[in-house]
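Every number in this text was worked out from the coordinates using simple rules, so none of it is lab data. Everything numeric in this text was worked out from a predicted model, so none of it was measured. Because the Cβ atoms are built from the backbone with ideal geometry, glycine has one as well, and the counts that use them run over all protein chains shown.
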Amino acid sequence: MKKRALITGVNGMDGSHLSDFLLDKEYEVFGLERRSSVKNRTNTSHLEGKVRFLTGDLSDQNSLLRALKESNPDEVYNLGAQSFVGESWNTPEQTSDVTGLGALRMLEAIREYGKEIKFYQASTSEMFGRMVENPAKETTPFYPRSPYGVSKLYAHWITKNYRESYDMFNVSGILFNHESERRGHEFVTRKITDGVARIFLGLSDQIALGNLDSRRDWGYSPDYVEAMWMMLQLEDPDDYIIATGECHSIREFLDVAFNHVGIENWSKHVVQDPRYMRPAEVDVLRGDYGKAKNDFGWSPSTSFENLVKKMLDNDIRLLKKEKN
Ligand code: NAP
Ligand code: GDD
């Protein structure tokens, strides 16, 4: 019998890579998507006919129960969220509802449905925020710095609490930043690779950015979705950090990207725009993935330089196609 998985946030970056991964493993994959006036399947157009799309919303309790009944999953991956940190100051209530309470609603739906289902919660390094220990470990105290980080912390604790209260197989994967060719355009990495590709092709001259000094531990999404699956195959549920252990500044990201297209001095191409500064910044994030390596043998396989180059080459290819 094929295993069945339900993924919330299926059209997002991770949701689409996880679908690819699970289909390769011969899963039947169901994807929860919310209704929108214009279909948003840029990342999943290649999956039409392979993934079964279900309509539902993490802010709507009954729609989640209905999705469980329709998919009858063995595993649920809760990747759906208002995932953009900057936006969470504009819509803190909606962010808390979907990103925080959404996890509670899915856990309640699983309890109501009554089957033993393994549950993965997409937790985040943003919960460490102003890091009190570098690199962060699973035991490091949390200090979130945005409504998004606070919401995710609620989701993390309710996942753990339901595991302890009801003996559910719940895992919280604390993933540090990860990117890919499918990253949304508002996130800094994709904004840079798209911007550099445009400058290289003569379509634009400048990129407007915010804080260039923050540092992130950037990995590659396809490596990270494999870790999600590995966590659900463990004997006992637990929480794990997934990271590379390295961190780089936005300036270093710009260096690698511009150098890749032969531009050494990029300063005239980058302007700082106060619109992209945040009310409270997370200056640095770096994680220790030692527990994941030890317990299930996971380690990252894509270097920082390769990640930047892959994203940039893809954006150049897409823009050339668009131009033609
Ligand atoms: P993403 O590309 O922004 O995808 C998020 C998905 O959630 C989108 O498909 C979005 O659908 C969906 N969604 C938003 N609101 C929803 C709602 N009310 N009901 C149902 N679905 C909803 O994010 P990602 O980068 O793939 O990340 C996946 C998850 O991992 C997120 O929970 C994120 O917070 C978390 N995470 C990400 C990273 C990272 O660096 N990428 C690190 C740690 C944790 P629409 O297309 O309709 O908006
Ligand atoms: N988005 C954006 N746009 N960020 C900018 C810009 C800009 O123009 N200029 C500088 N930055 C800085 C931000 O201030 C932040 O310090 C850093 O670049 C990274 O910003 P994002 O790419 O938006 O990602 P994030 O780190 O805030 O959040 C991502 O990673 C989290 C895990 O740590 C998201 O994927 C979250 O969903 C995820 O939980």
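So the values come out like this:
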quantity: Most positive-pole-ward Cα, ILE242, VAL188, SER96, against dipole of the chain from beta carbon charges; calculated: VAL188
quantity: Sorted peptide list for 299-307, 61-69, 176-184, criterion being average Cβ within 10 angstrom, highest first; calculated: 176-184, 61-69, 299-307
quantity: Folded to 0 to 90 degrees: helix 188-200 orientation relative to the chain principal axis, Cα; calculated: 40 degrees
quantity: Acute angle (nearest 10 degrees) that the helix 102-113 long axis makes with the longest principal axis of the chain, alpha-carbon atoms; calculated: 30 degrees
quantity: Ranked list, fewest to most other Cβ atoms within 10 Å of each Cβ, for TYR220, TYR154; calculated: TYR154, TYR220
quantity: Degrees, to the nearest 10: 304-323 long Cα axis against longest axis of the chain; calculated: 80 degrees
quantity: Contour minus Cα-Cα distance for PHE187 and GLU246 (0.36 nm per residue); calculated: 19.3 nm
quantity: Equivalent ellipsoid, the chain (semi-axes from 5 times Cα gyration tensor eigenvalues, Å); calculated: 32, 22, 19
quantity: Footprinting exposure proxy for ILE207, ILE110 (fewest neighbouring C-beta atoms within 10 Å first); calculated: ILE207, ILE110
quantity: Beta bridges by DSSP in the chain, antiparallel share as percent, to the nearest 5; calculated: 5 percent
quantity: Residues SER37 and GLU322, FRET efficiency given R0 of 22 Å [Cβ-Cβ distance, rounded to 0.05]; calculated: 0.40
quantity: Mean projection area, nm², convex hull over Cα of the range 76-166; calculated: 6.0 nm²
quantity: Nitroxide proxy distance, nm - points 7 Å out along Cα→Cβ at GLN272 and TYR113; calculated: 4.8 nm
quantity: Sum of -39500 (n - 2.57) over DSSP H runs of 4+, divided by residues of the chain (222 nm, nearest 500); calculated: -11500 deg cm²/dmol
quantity: Euclidean distance between Cα centres, the range 118-182 to the range 205-258, Å; calculated: 14 Å
quantity: Ascending count of other beta-carbon atoms within 10 Å, so fewest first, for GLU93, GLU28; calculated: GLU93, GLU28
quantity: Point-charge dipole on Cβ atoms (K/R +1, D/E -1) for the chain, about Cα centre, debye to 20; calculated: 820 debye
quantity: Residue list for the range 177-211, given a label point 7 angstrom along the Cα-to-Cβ vector of TRP89 and an amide N cut-off under 19 Å; calculated: 186-189, 208-211
quantity: Full-extension gain in nm, LYS2 to ASP283, via 0.36 nm per residue minus C-alpha separation; calculated: 96.7 nm
quantity: Rg ratio (alpha-carbon, reference 2.2 N^0.38 Å) - the range 39-82; calculated: 1.24
